[in-house]
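Notes follow the structure.
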Amino acid sequence: MATIYQLDRARLVAWLQDRGQPPYRASQILEGVYRHLVKSFDEIPVLPKALRQQLAEGFEVGPFPIDSESEGRNSVKLLVHLEDDEAVECVAMETRWGRTACVSTQVGCSVGCAFCASAEGGRRRHLRADEIVRQAVTLAILRGKLTNVVFMGMGEPLMNYDEALTAVLALVDGDRLAIPPRHLTVGTSGVVPMIPRLAQEAPKGVELAVSLNAADDELRKRLMPGVSRWTIAELLAACDEWTRLRGGQPVTYAYVLIEGVNDRRIDANMLAKLLSRRRHLLNLIRMNPVEGSELHASSRDAAEGFAAKLKDLGLNVTIRRSLGGDVQAACGQLRLQSKSAC
Ligand code: SF4
């Protein structure tokens, strides 16, 4: 069945017109769906009963069915149930600045990062744009208004480019959740050809975060095999193009610190060489534990030493506190689970 999250104002007006309804009904529906976050069209009493019925016959509205919910200190992770009995995870994280939703863009992921739970089992399918938006809606219904959305859950957004971009446009749409573009970040493992395209097509302000994780091609190939067809030089050239096309907007680079693998002095030196002459922000993240993985997080001391070395070498670097680790909901920890496994 279609969902109401597939319709923007223009499509909603067309749908209403086909049923002899005036265009102003679209505003009433959008306000009910996105401002009041209704779970049923009957919760929009301003609409005539017959129209509510027609809407209910045509569209699903409200949160996804939830297969499991894990509550952490600052976060909640949901496993939401899709119409074809697949499931994806999404997370809401509370910070001092607001509430961030982390949403998935694919069921599973084909990039196969060595430090990521979502990689297990490969990609099962792409998510539609409305399925991406509905994760944010579900979290907003459960936890309250969202201030930020990040596309950093399960899946690689730029390998599902059209749907991910449609979801970006829907999320920043003032008629819908109205997330300020600057508060929306698309994370990517580095799908090089799509980066300049996103630079041209994403609304001004939308941020790009690139998962770098290695400063040499050999190591990156080992850690992120699904994007190894592009070299680091090609990736950084695409990021430079992002910055050029977007009037100087820097790229945020993420670097997951793995003990003895990419946290050595030589890695810091190579990383500094790569980034020091380009506009950048570098977030270091200690790897989150992934069950069954042979890789381990760098120690706190090693992470701080690595960051200090990079700062000395002129990089704009922070160690990112990993929110949601207590519910296995931090970066690289989203894992496809079957309903029965929860
Ligand atoms: Fe995919 Fe991201 Fe996990 Fe890599 S880190 S396997 S790109 S979900």
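Residues of the range 13-37 that are among the acidic types (Asp, Glu) and over 27 Å from the mean Cα position of the chain (by Cα): Asp18 alone. For Ala167, are the conditions met, namely being in contact with a helix residue (DSSP H, G or I) (Cβ under 9 Å, 6 or more places away or on another chain) and either of a type outside the set (A, V, I, L, M) or assigned to a loop (DSSP other than H, G, I, E, B) (or both)? When the stated conditions are applied, Ala167 does not pass them.
One residue stands out among those in the range 146-159 that are part of a loop (DSSP other than H, G, I, E, B) and within 16 Å of the ligand (Cβ to nearest atom): the one that is most open to solvent (accessible area, probe 1.4 Å), which is Met152. Scanning the range 210-229 for residues that are more than 15 Å from Val256 (Cα to Cα) and more than 21 Å from the chain's Cα centre (by Cα) returns Asp217, Glu218, Ser228, Arg229.
On inspection, Leu139 fails the criterion of being of a type outside the set (Ser, Thr, Tyr), in a strand (DSSP E or B) and over 29 Å from Gln200 (Cβ atoms). Among the numbered conditions (1) closer than 30 Å to Thr243 by Cβ; (2) modelled with pLDDT under 95; (3) surrounded by 20 or more Cβ atoms within 10 Å (Cβ to Cβ), the only one that Leu284 does not meet is (2).
Is the range 257-267 home to any residue that is outside the structural domain of Glu31 (by TED's automatic domain parsing), β-branched (Val, Ile, Thr) and within 16 Å of the ligand (Cβ to nearest atom)?
yes
Among the residues of the range 321-332, is there at least one that is at pLDDT 95 or above and surrounded by 20 or more Cβ atoms within 10 Å (Cβ to Cβ)? Taking every residue of the range 321-332 in turn, none turns out to be at pLDDT 95 or above and surrounded by 20 or more Cβ atoms within 10 Å (Cβ to Cβ). Screening the candidates Asp85, Asp67, Asp42 for the property of being part of a loop (DSSP other than H, G, I, E, B), touching a Lys or Arg at 6+ places or on another chain (Cβ under 9 Å) and of a type in the set (D, E, K, R) yields one hit, Asp85. If only residues of the range 97-131 that are outside any strand (DSSP E or B) and touching a Ser or Thr at 6+ places or on another chain (Cβ under 6 Å) are counted, the one that is farthest from the ligand (Cβ to nearest atom) is Asp130. As a summary of the residue check, Val317 satisfies the conditions (1) modelled with pLDDT of 95 or more; (2) within 16 Å of the ligand (Cβ to nearest atom) except for the one numbered (2).
Scanning the range 171-213 for residues that are touching an Asp or Glu at 6+ places or on another chain (Cβ under 8 Å), more than 13 Å from the ligand (Cβ to nearest atom) and hydrophobic (A, V, I, L, M, F, W, C) yields a total of 4.
Restricted to the range 160-198, and to residues there that are aliphatic (A, V, I, L, M) and within 13 Å of the chain's Cα centre (by Cα), the residue that is most open to solvent (accessible area, probe 1.4 Å) is Leu165.
Every residue, every condition in (1) within 24 Å of Asp301 (Cβ to Cβ); (2) free of Cβ contacts under 8 Å to residues at least 40 places away in the same chain; (3) out of contact with any Lys or Arg (no Cβ under 6 Å at 6 or more places or on another chain), yes or no:
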| site | (1), (2), (3) |
| --- | --- |
| Pro225 | no, no, yes |
| Ser228 | no, yes, no |
| Gly247 | no, yes, yes |
| Val251 | no, no, yes |
| Asn262 | yes, no, yes |
| Ala268 | yes, no, no |
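The values are calculated or read from the model by the stated rules, or taken from the named source; none is laboratory data. Please read these numbers as outputs of a predicted model, since none were measured by experiment. All Cβ positions, glycine included, derive from the backbone under ideal geometry; neighbour counts span all protein chains shown. Note: areas computed on protein heavy atoms with side chains; ligands, DNA, RNA excluded. Shrake-Rupley method; radii C 1.70, N 1.55, O 1.52, S 1.80 Å.
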